Amino acid sequence: MTGILQRPYVARPAAAEPVISMVDVGMTYPNGKVALVDVNVSIPAGDFVFLVGPSGAGKSTFIRLLIREQLATSGRVVVAGRDLATMRRGQVPGLRRRIGIVFQDFRLLPAKTVFENVAFALEVTGATSAEIRERVPRLLSLVGLHEHDEHLPAQLSGGEQQRTAIARALVHDPAMLIADEPTGNLDPVTSWDLIQLLIQINAMGTTVLMATHNQEIVNAMRRRVLALEHGTLVRDESSAAYEREY
Amino acid sequence: MRPFRFAAFTVVRAWQGFWRNAMMSLAATATVVLMLVLLSGLFIVLGGLDSGLRFIESKVGVTARLIDDLPQAELDVLLADIRALPGVRKVEYVSPEVALERLREAYREQGLTLDLGGAQITLYASVEVALTDPNFAGSVVEALTGRPEVELITTRQVDYEKLLGIIGAIRTVGIAALVLVGLTVLFMIVNMIRIAVYSRSGEIEIMRLVGASDSFIRWPFILEGILCGFIGAVVTIILVAIVWEPIQPIMVRVFQMPTAVSSQFLAVLSAVVLGVGLGVGAIGSWISVRANLSSAT
């Protein structure tokens with residue numbers, strides 16, 4: 001397996017194949033609420049993209065469409081070369097192994113240790129014990145938690161819990177990491193530590209899409225910014241700043 | 001998918017899940033035991049009665065008591081006429097001497113001796129008609145009624161029909177009770193699995209997000225229901241094995257007939273109990289998993 005752990009640092013190719021492609025994507029919920037309107041986005045492999053917008057702007061729907069928790073009501077969503085609308089139900093787990101995802105609330109299993117939380121993601125996809133023993137310690141080293149592997153989530157700081165969640169998201173060597181408000185529950189110093197880790201992961205070739213309200217981070221990073229308002233993509237700029245108060 | 005890893009994962013998770021909600025699991029298992037005990041009881045009673053029915057069937061014939069001193073020529077005609085009747089399997093003339101010997105034999109079987117105080121008795125001669133089917137008894141009785149050679153006609157057809165009625169009633173009531181208890185068991189297992197699904201909703205969500213297949217998510221819950229049915233079946237089989245011997249004489253005493261069923265019946269019953277237990281567990285958990293995990297996309 002060639003994965004993030006094996007890949008050397010390489011500069012991102014200038015015109016890589018898009019890992020995410022949205023063409024005229026619309027999403028209207030059964031209750032009539034319009035969540036996304038004609039969204040057109042193309043994210044090349046290896047990009048680092050911020051997704052910003054006020055609450056209710058459609059960021060969560062945007063992410064749910066990418067992991068095929070929901071299907072767009074119009075348009076076309078292609079992730080890692082696969083059209084999600086034509087994908088069979090049995091192919092969805094394969095897609096989700098190509099996408100790592102972390103959330104603001106970490107979503108760790110409280111009764112499992114750090115090691116077990118990460119191993120769980122391998123275990124439930126049929127990995128052998130040998131694979132688990134080989135991969136989990138390396139991922140915990142990557143996120144700086146190799147000395148905390150026997151700790152329960154409750155014994156960790158917020159930043160350490162989020163790092164555990166990132167390690168878990170990376171177990172299948174995903175092409176893309178989606179981080180939904182990953183710094184939302186963290187103090188500024190810990191938030192920057194986490195951003196450093198995401199930059200490191202991105203530098204290894206993994207595309208990162210980060211939904212955030214953190215203006216300071218977006219401004220400092222000067223990466224591509226996608227801004228949603230009322231379900232419409234109002235801005236898509238490279239090396240952008242956080243122009244509005246969301 | 002690696003089959004061994006999948007099987008090991010499913011079994012371990014099902015076992016953990018069963019004991020995680022131990023009270024609910026044990027309550028559901030207890031209802032499975034209740035249903036299977038009821039099923040076993042019904043099988044045993046009906047099996048015993050069927051056995052008794054077969055015994056009576058073999059005895060249902062027609063006995064015609066003859067008038068005294070019937071001439072041989074008339075007896076031969078009578079026997080020939082009876083043999084010609086439909087449904088007659090065998091016709092046997094029982095002379096007074098043979099009747100007396102049978103009486104002595106019946107006494108001997110009970111450990112007694114027929115003591116007539118030296119008196120000479122003459123029993124009635126009779127003709128015993130064995131039938132191919134008990135339902136022919138009526139036509140044979142009808143054919144013999146009114147014949148001058150015949151003094152009295154007796155048959156056990158009434159006993160046979162009464163027993164058929166009892167078996168039918170027990171079967172109907174038993175099946176109705178089984179259906180009701182079976183539905184209760186299904187309800188319990190469906191709820192058990194529903195609670196298990198809710199209590200592990202966090203894990204399920206993570207499993208979906210990290211790309212676990214439907215099989216990995218669903219089968220532990222289905223196996224948990226099957227485990228409930230399996231444990232219930234094993235407990236029931238043990239209970240039945242314990243009471244098997246003691247209930248045999250009780251059956252004979254209650255039903256006043258040789259109802260004893262073969263030990264092979266116990267093996268068949270155990271297989272039925274195991275099959276029904278596993279089946280109900282699987283169906284209940286499958287229904288619940290379909291209802292509660294169907295929103296997975």
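What follows is calculated from the coordinates using simple rules that are stated; it is not laboratory data. This one's a predicted model, so the numbers in the text were calculated from it and none came from an experiment. Backbone-built Cβ (ideal geometry, glycine too); neighbour counts: all protein chains shown.
222 nm [θ] for the protein assembly as shown, helices only, -39500 (n - 2.57) per DSSP H run of 4+, per residue, to 500?
-18000 deg cm²/dmol
Tell me which lysines have Cα within less than 26 Å of B:Lys162's Cα, excluding those fewer than 8 residues away on the same chain?
Partners found: B:Lys59, B:Lys90.
Taking N as the number of residues in the protein assembly as shown, what value does Rg over Cα atoms divided by 2.2 N^0.38 Å take?
In units of the 2.2 N^0.38 Å rule of thumb, it is 1.67.
Among the helices of chain B (complete DSSP H runs), which have Cα atoms covering no less than 30 Å along the helix axis and a Kyte-Doolittle mean of at least -0.5?
TM-like helix candidates: B:22-59, B:157-199, B:214-255, B:263-292.
Could you estimate the translational diffusion coefficient of chain A from the Stokes-Einstein equation, with Rh from the Kirkwood formula over C-alpha pairs, at 20 °C and 1.002 mPa s, in whole µm²/s?
116
Note the full-extension length gain between B:Val268 and B:Ala84 as 0.36 nm times their separation in residues minus their Cα-Cα distance, in nm to one decimal.
Going from the current span to full extension adds 62.0 nm.
If packing is taken as the average count of other Cβ atoms within 10 Å, what order do B:70-77, B:238-245, A:89-96, B:34-41 fall into, highest mean first?
Averaged packing, sorted descending, gives the order B:34-41, A:89-96, B:238-245, B:70-77.
Relative contact order for the stretch B:180-277: what percent, with Cα pairs under 8 Å and sequence separation of 6 or more?
Relative contact order for the stretch B:180-277 comes out at 29 percent.
Of the candidates B:Val98, B:Val60, B:Val173, which one comes out as most mobile in a Gaussian network treatment of chain B with C-alpha springs shorter than 10 Å?
Highest fluctuation of the listed residues: B:Val98.
Let me see the P(r) profile for the stretch B:16-94: every Cα-Cα distance counted, bins of 5 Å, each bin given as a percent of all pairs.
For the stretch B:16-94, the binned pair fractions read 3, 11, 12, 10, 8, 7, 7, 6, 6, 5, 5, 4, 4, 4, 3, 2, 2, 0 percent.
Taking every DSSP beta bridge that has both residues in the protein assembly as shown, what percent is antiparallel when rounded to the nearest 5?
Of the beta bridges lying entirely in the protein assembly as shown, close to 65 percent run antiparallel.
By Kyte-Doolittle mean hydropathy of at least 0.0 and Cα axial length of at least 18 Å, which whole DSSP H helices of chain A are selected?
In chain A, the long hydrophobic H runs are A:188-203.
Whole angstrom only: what separates the Cα centroid of the stretch B:53-119 from the Cα centroid of the stretch A:65-102?
Answer, in whole Å: 87.
In whole Å, what are the Cα extents of the stretch B:78-138 along the three principal axes, biggest one first?
44, 23, 15
Largest first, please: the extent of the C-alpha atoms of the stretch B:168-259 along each principal axis, to the nearest Å.
Largest first, the stretch B:168-259 extends 67, 26, 19 Å along its Cα principal axes.
Output the direction-averaged projected area (hull surface divided by four) of the convex hull of the alpha-carbon atoms of chain B, in nm².
Spelled out: convex hull of the Cα atoms, projected over all directions, averaged, 22.8 nm².
Please compute, for peptide A:122-130, the average count of beta-carbon atoms on other protein chains lying within 10 Å of each residue's beta-carbon.
6
For the charge dipole of the stretch A:136-246, defined by +1 on Lys and Arg C-beta atoms and -1 on Asp and Glu C-beta atoms about the Cα centroid, which residue among A:Met221, A:Ser191, A:Leu156 has the Cα displaced farthest towards the positive pole?
About the Cα centre, the residue reaching furthest to the positive side is A:Met221.
Please identify, among A:Val37, A:Val171, A:Val234, the residue showing maximal mean-square fluctuation in a Gaussian network model of chain A using a 10 angstrom Cα cutoff.
A:Val234
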